[in-house]
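To start, the structure itself, in structure tokens.
The values are calculated or read from the model by the stated rules, or taken from the named source; none is laboratory data. These numbers were taken from a predicted model, which means no experiment stands behind them. Cβ coordinates were reconstructed from backbone atoms using ideal geometry, including for glycine residues, and neighbour counts include every protein chain displayed.
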Amino acid sequence: MQLGKKSVLSSLILVLSLFEVHRAAAQSDEPTDAASAPITANSPVVTGQAFSAMKYARRVKILPDGKQQFIKNEIYPTQIARDAEGRIRIEPIVDPQPECDQPTSLVPPPCPYWSIIVFDPTKQVITHWGSGENAAHPAVAIKLSASQVDDAESSTSAMPVDVREPAPDGAKATTENLGDKTIDGVRASGVRITTVFPAGYSGNKTPVTKIHEVWRSAEMKLVIKIIDGDLNGEATIAGLDHVSLQPDPALFQPPDGSRVQIRAESGDSQYADRDITLLAEWFVR
């Protein structure tokens with residue numbers, strides 16, 4: 001799970017090289033008129049439900065009294081946000097650098113470099129830039145093709161379907177509707193699947209109970225929390241916390257400085273491929 005300084009330098013070089021190649025292109029903060037096509041009536045884009053939050057996935061130990069003891073972060077805590085117009089921001093930190101990769105720290109130190117990606121479905125543009133003390137200043141705006149817009153929209157608008165494998169032979173699974181409750185200020189509905197594995201299954205000497213619990217907000221169109229594990233042992237808890245329903249508008253704008261517009265003349269823009277792949281990590285899963 002280590003990135004190393006060579007990868008960071010490669011990312012910086014890529015951004016700077018794009019800046020040099022396209023510096024002669026238009027450098028305004030606004031895309032061309034062609035990039036500003038309106039969202040269609042059939043678009044899945046979520047509007048009017050603005051928020052920002054920290055996305056996390058933690059391994060915990062369930063104590064006898066039901067309390068949770070933190071073990072480690074399964075993913076680096078990252079910020080996601082959406083504004084009322086449907087713009088999406090994500091700060092994916094994939095394979096963090098050694099100095100900030102401390103999974104056993106509940107709140108790890110900030111990375112000296114990480115990417116910020118904003119997808120604007122109205123203008124059909126992805127903008128990315130770096131943040132942190134090692135970040136390069138230029139931001140790069142990439143015009144998307146219709147298929148890339150579809151991919152980006154589906155990754156950030158359609159809540160993932162929770163498809164569960166059937167209980168194996170000898171195990172018994174039951175589903176329970178947990179009703180509604182407020183989690184970090186967001187009203188959500190919960191469902192729990194409890195699977196009991198008999199003694200002898202996978203070598204266990206006594207029956208083992210596993211749960212899979214999912215909390216979703218239909219109004220916000222978000223997965224708020226997922227719990228997977230053994231209530232008498234360890235579990236992975238993924239979700240959103242530090243939720244704000246009034247995100248700072250500055251989250252969706254690059255820092256002051258030059259902004260380079262890259263136009264895809266035909267077909268998909270290769271410069272957007274990685275960003276669109278990272279957008280697929282938008283939802284809690």
Per the list (1) touching a residue at least 40 places away in the same chain (Cβ under 8 Å); (2) under 18 Å from the mean Cα position of the chain (by Cα), residue check on THR122 breaks on (2)
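What number of residues in segment 151-199 are closer than 30 Å to ASP275 by Cα, among the acidic types (Asp, Glu) and not in a loop (DSSP other than H, G, I, E, B)? Talk me through it step by step, then tell me what you get.
As a first pass, look at segment 151-199 and keep what is closer than 30 Å to ASP275 by Cα: 151-164, 183-186, 188.
Still in the running and among the acidic types (Asp, Glu): 151, 153, 162, 184.
The next check asks that each one be not in a loop (DSSP other than H, G, I, E, B); those that pass are 151, 153.
So the count comes out to 2.
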Whether any residue in segment 240-247 is in contact with a Gly (Cβ under 8 Å, 6 or more places away or on another chain), over 30 Å from ALA136 (Cα atoms) and assigned to a strand (DSSP E or B) is what I want to check. no
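So how many residues does segment 47-74 have that are more than 16 Å from PHE252 (Cα to Cα) and more than 13 Å from the chain's Cα centre (by Cα)? Spell out the reasoning first.
Let us first name the residues in segment 47-74 that are more than 16 Å from PHE252 (Cα to Cα), namely 55-74.
Right, trim to more than 13 Å from the chain's Cα centre (by Cα) and you get 58-74.
Counting residues in segment 47-74 that are more than 16 Å from PHE252 (Cα to Cα) and more than 13 Å from the chain's Cα centre (by Cα) gives 17.
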The correct count of residues that are over 16 Å from the mean Cα position of the chain (by Cα), closer than 25 Å to GLU219 by Cβ and surrounded by 11 or more Cβ atoms within 10 Å (Cβ to Cβ) in segment 150-168 is 3
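Quick check, is VAL140 among the β-branched types (Val, Ile, Thr), assigned to a strand (DSSP E or B), over 16 Å from TRP282 (Cβ atoms) and touching a strand residue (DSSP E or B) at 6+ places or on another chain (Cβ under 6 Å)? Walk me through how you get there before you give the answer.
Values: among the β-branched types (Val, Ile, Thr): yes; assigned to a strand (DSSP E or B): yes; over 16 Å from TRP282 (Cβ atoms): yes; touching a strand residue (DSSP E or B) at 6+ places or on another chain (Cβ under 6 Å): yes.
Against the criterion (among the β-branched types (Val, Ile, Thr), assigned to a strand (DSSP E or B), over 16 Å from TRP282 (Cβ atoms) and touching a strand residue (DSSP E or B) at 6+ places or on another chain (Cβ under 6 Å)), VAL140 qualifies.
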Regarding PRO77, is this residue under 16 Å from SER52 (Cβ atoms), surrounded by fewer than 20 Cβ atoms within 10 Å (Cβ to Cβ) and within 17 Å of the chain's Cα centre (by Cα)? yes
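With the condition kept exactly as written, say whether any residue in segment 30-51 is at pLDDT 90 or above, in contact with a Pro (Cβ under 8 Å, 6 or more places away or on another chain) and more than 18 Å from ASP275 (Cβ to Cβ). Lay out the reasoning, then the answer.
Filtering segment 30-51 for residues at pLDDT 90 or above gives 45-51.
Of the ones still in play, those that are also in contact with a Pro (Cβ under 8 Å, 6 or more places away or on another chain) are 45, 50-51.
Filter once more, keeping what is more than 18 Å from ASP275 (Cβ to Cβ): 50-51.
Yes; the residues of segment 30-51 include at least one that is at pLDDT 90 or above, in contact with a Pro (Cβ under 8 Å, 6 or more places away or on another chain) and more than 18 Å from ASP275 (Cβ to Cβ).
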Out of (1) out of contact with any Gly (no Cβ under 8 Å at 6 or more places or on another chain); (2) at pLDDT below 95; (3) hydroxyl-bearing (Ser, Thr, Tyr); (4) under 29 Å from VAL118 (Cβ atoms), the one SER217 does not meet is (2)
